[in-house]
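Notes for the one structure printed next.
The values are calculated or read from the model by the stated rules, or taken from the named source; none is laboratory data. Everything numeric here is computed off the predicted structure, so don't read it as measured data. Quick reminder, even Gly has a Cβ in these numbers, built from the backbone with ideal geometry, and neighbours come from all protein chains shown.
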C-alpha cells in the first residue's frame, strides 16, 4: 500500500462532552501506543485555542516528549491541524484587529519552529465555519498574511488550506498565491455536506491536494459513519486514481459509540483500505 492511513488526534479518547474534535491532554501519549497496536501509520496533531499553552507543541519540553513517544511507538506525525485559527480568525470584517494579527503571527511562528524541530512537513489551516472566507476582502487579507508566514516557514514545510469554496473558486484562490508550498487539505465530509461533487473537486484541485481527511456527512447536516452520508466514495477514489494522488489519508469520521473508539477506528481503516485497493491508488 503506497498511502499511509492515520487518524486525527483525539479519536482514541472518550470525548466526555468535549465535542467531536479536541486535544486529548490526558491521553495523547497513550493514543500513540494504541495507534501502533491498531496498525495505524500516523496521527495528525491538533493545536487548538483552548489551553494552547499546555499543548506539547508549545514548549521545548513538550517537543522533546513528542520525539520520545514517536520513537517509542514508530507512529509518525506528518501534519499539524491548526484548529486555533478557527477560534481566532483575524481577517473577518468585523474583527480585524492589529493585536489579534500579532498574536496569531507569533503563535503560528512558535508552532512552525516546533514543526521544524520535529521535522513535520505539513501545517493545515481550516478556513471553514467561523473562519470561512466570505468576501474578496477577507480572501485578500488572509492571503497577504499567509504569504509572509510561508516566507518565515522552513522550506520543507507546506501549508494546506481547507475551505468551503467551490472547486473552481478554491483553485483560482490557490493560483493567486503562486507558491509551490501552498495547497489544499481536502475533506470529503465537509465537501459532500455542502453538496459538492467529490470527483469534480479532486480532479479540479489535482496536485494542489497535499492531504485528505476522510469523513462523511449528511447533506447540509452532521458528520455520520463512513458510507452512511452523502459522500460518494467511489466518485472520490475514482478521481484520486485519475490524479495519481500520492499523499496520505487521515480518518476524521464520526466518533460512534463512546467507549468503543478502537473498534470504530479499525472499521474506518478497513473502509478506506478497501477503496484504496479497489482503485489501485
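Before moving on, here are some points about what is shown:
- Members of the stretch 230-255 found to be touching a strand residue (DSSP E or B) at 6+ places or on another chain (Cβ under 7 Å) and in a helix (DSSP H, G or I), listed by number: none
- Contacts under 6 angstrom Cβ, first residue in the stretch 265-281 being farther than 18 Å from residue 42 by Cβ, partner at pLDDT 95 or above, 6 or more apart: 275/233; 275/237; 279/237; 279/241
- Residue match in the stretch 130-141 (condition: touching a strand residue (DSSP E or B) at 6+ places or on another chain (Cβ under 7 Å), more than 30 Å from residue 60 (Cβ to Cβ), surrounded by 20 or more Cβ atoms within 10 Å (Cβ to Cβ) and at pLDDT 85 or above): yes
- Only a single criterion out of (1) part of a helix (DSSP H, G or I); (2) in contact with a strand residue (DSSP E or B) (Cβ under 8 Å, 6 or more places away or on another chain) is not satisfied by residue 172, namely (2).
- Residue in the stretch 6-26 that is touching a residue at least 24 places away in the same chain (Cβ under 8 Å), in a helix (DSSP H, G or I) and more than 20 Å from residue 114 (Cα to Cα) present: no
- Residues of the stretch 210-220 satisfying the condition of being modelled with pLDDT of 95 or more and surrounded by fewer than 21 Cβ atoms within 10 Å (Cβ to Cβ): 218, 219
- Complete set of residues in the stretch 155-172 that are more than 16 Å from residue 124 (Cβ to Cβ) and touching a residue at least 12 places away in the same chain (Cβ under 8 Å): 155, 166, 167, 168, 171
Per-residue answers, yes or no, for (1) buried (at least 21 other Cβ atoms within 10 Å of the Cβ); (2) modelled with pLDDT of 95 or more; (3) touching a helix residue (DSSP H, G or I) at 6+ places or on another chain (Cβ under 8 Å):
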{"residue": "12", "(1), (2), (3)": "yes, yes, yes"}
{"residue": "18", "(1), (2), (3)": "no, no, no"}
{"residue": "30", "(1), (2), (3)": "no, yes, no"}
{"residue": "35", "(1), (2), (3)": "yes, yes, yes"}
{"residue": "41", "(1), (2), (3)": "no, yes, no"}
{"residue": "87", "(1), (2), (3)": "no, no, yes"}
{"residue": "91", "(1), (2), (3)": "yes, no, yes"}
{"residue": "110", "(1), (2), (3)": "no, yes, yes"}
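- Scanning the stretch 192-206 turns up no residue that is at pLDDT 95 or above and within 22 Å of residue 39 (Cβ to Cβ).
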